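Below is one structure, written out as structure tokens; the observations come after it.
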Amino acid sequence: MGSRFLVAALTLPAWMGLAQSPQQEGVKFSPEQIEQFLKDGKVVSQKALGVGITNSLKVKLSHEIVTHDAHVQSIDENKASFTSNRGTELGFRDCYKFNVAAYKLDQLLGLNMTPPSVERKWGGKSSAFTWWIPNAMMESDRIKKSIKPPDSELFNKQMYMVRVFDQLVFNTDRNLQNLLITEDWRIWMIDHTRCFRLRTDLNAPKNLVKCERSLLAKLRALDKKTLEGSLKGLLRDNEIRGLLARRDRIVEYFDAKIKAEGEENVLYDLPVREPVWVLPASAVAAK
């Protein structure tokens, strides 16, 4: 999103529950309000995206005074076996539900690095409607154009968190096009339809370089009951078991690394990324 936002004193729809404030820069929305918008917004236009392998769409949603784009994925494939350059995988699943599951897991871990995503039926299909990250560049473009972040240490610390999350969900499709960077140099993870494999090992433990301190604490605290409650209808029992097994591997890996290298060389702290969205005047307009 842009670095400047106009002051907006608006009459907001009841479901947003926001007070009018002429002094407020822009209009702030909580994740819950964004989720409601994704569920209730009317699709006013759509276009196919030319990237990715899931035949996804970009749609424009409108609800009351709010207009914004969403990424729509409807893929839901199950195969007894699937062969790729990574080898052959049994029980392969490529599913839109995993976008919603990744978002909910992100929230449980306090990352706020995955945009809000909800399950919604549209066009005769159950789909994931995911908040479109505006004014963002793909990591592939950043590298191609040799654009350096203003704070390389902060950027790298975010990337360490991406790598931990990808090992946790066994992401077999992370690439430089599904990592987005906004103008404030926040990294966002998108497209998780090929996550949550049944494997109980780690895909690439060598990628686990460092871990944010509170993230490791929240990984330790994850339990089956919490995951089942948050991810009900999104993940199957064996997918949750795989997730918890990988969690154990990650915690064990960092515990061993801390013992060998010292906590100060493995753990670090980052300011909390507040789960608040500020929409510019172009997205929120008075009636």
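Here are some conditions: (1) in a helix (DSSP H, G or I); (2) of a type in the set (A, V, I, L, M, F, W, C); (3) within 25 Å of Arg236 (Cβ to Cβ). Ile143 meets all but one. Which one does it not meet?
(3)
Would you say Ser127 is on the phi > 0 side of the Ramachandran plot and modelled with pLDDT of 95 or more?
no
Taking only the range 141-190 into account, find how many residues are of a type in the set (D, E, K, R) and exposed (fewer than 13 other Cβ atoms within 10 Å of the Cβ).
7
I need the full set of residues from the range 239-267 which are surrounded by 11 or more Cβ atoms within 10 Å (Cβ to Cβ) and more than 21 Å from Asp106 (Cα to Cα), in order please.
Asp255, Ala256, Lys257, Ile258, Glu261, Glu263, Asn265, Val266
Tell me which residues, restricted to the range 107-134, are assigned to a strand (DSSP E or B) and in contact (Cβ under 8 Å) with a residue 40 or more places away in the chain.
Residues satisfying the conditions are Ser117, Val118, Glu119, Arg120, Trp122, Lys125, Ser126, Ser127, Ala128, Phe129, Thr130, Trp131.
Results for (1) of a type in the set (D, E, K, R); (2) more than 27 Å from Arg174 (Cα to Cα); (3) modelled with pLDDT under 85; (4) assigned to a helix (DSSP H, G or I), shown as yes or no for each residue.
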position: Gln20; (1), (2), (3), (4): no, yes, yes, no
position: Lys47; (1), (2), (3), (4): yes, no, no, no
position: Phe92; (1), (2), (3), (4): no, no, yes, no
position: Phe98; (1), (2), (3), (4): no, no, no, yes
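Quick check on the range 216-238. Is at least one of its residues out of contact with any strand residue (DSSP E or B) (no Cβ under 8 Å at 6 or more places or on another chain), open to solvent by 40 Å² or more (accessible area, probe 1.4 Å), closer than 28 Å to Lys39 by Cα and of a type in the set (Ser, Thr, Tyr)?
Yes: the range 216-238 contains one or more residues that are out of contact with any strand residue (DSSP E or B) (no Cβ under 8 Å at 6 or more places or on another chain), open to solvent by 40 Å² or more (accessible area, probe 1.4 Å), closer than 28 Å to Lys39 by Cα and of a type in the set (Ser, Thr, Tyr).
How many of the residues in the range 232-266 are of a type in the set (Lys, Arg), within 18 Å of Leu202 (Cα to Cα) and out of contact with any Cys (no Cβ under 9 Å at 6 or more places or on another chain)?
4
Determine, yes or no, whether Leu202 is among the aliphatic types (A, V, I, L, M), modelled with pLDDT under 95, open to solvent by 10 Å² or more (accessible area, probe 1.4 Å) and not in a helix (DSSP H, G or I).
no
Select, from Gln167, Gln177, the only residue that is more than 19 Å from Trp131 (Cα to Cα) and either in a loop (DSSP other than H, G, I, E, B) or not charged (D, E, K, R) (or both).
That would be Gln167, the only listed residue that is more than 19 Å from Trp131 (Cα to Cα) and either in a loop (DSSP other than H, G, I, E, B) or not charged (D, E, K, R) (or both).
The values are calculated or read from the model by the stated rules, or taken from the named source; none is laboratory data. Quick caveat, the model's predicted, so the values are computed rather than measured. Counting neighbours? That spans all protein chains shown, and the Cβs are built from the backbone with ideal geometry, glycine included. Side chains included, ligands, DNA and RNA excluded: accessible areas come from the protein's heavy atoms. Shrake-Rupley method; radii C 1.70, N 1.55, O 1.52, S 1.80 Å.
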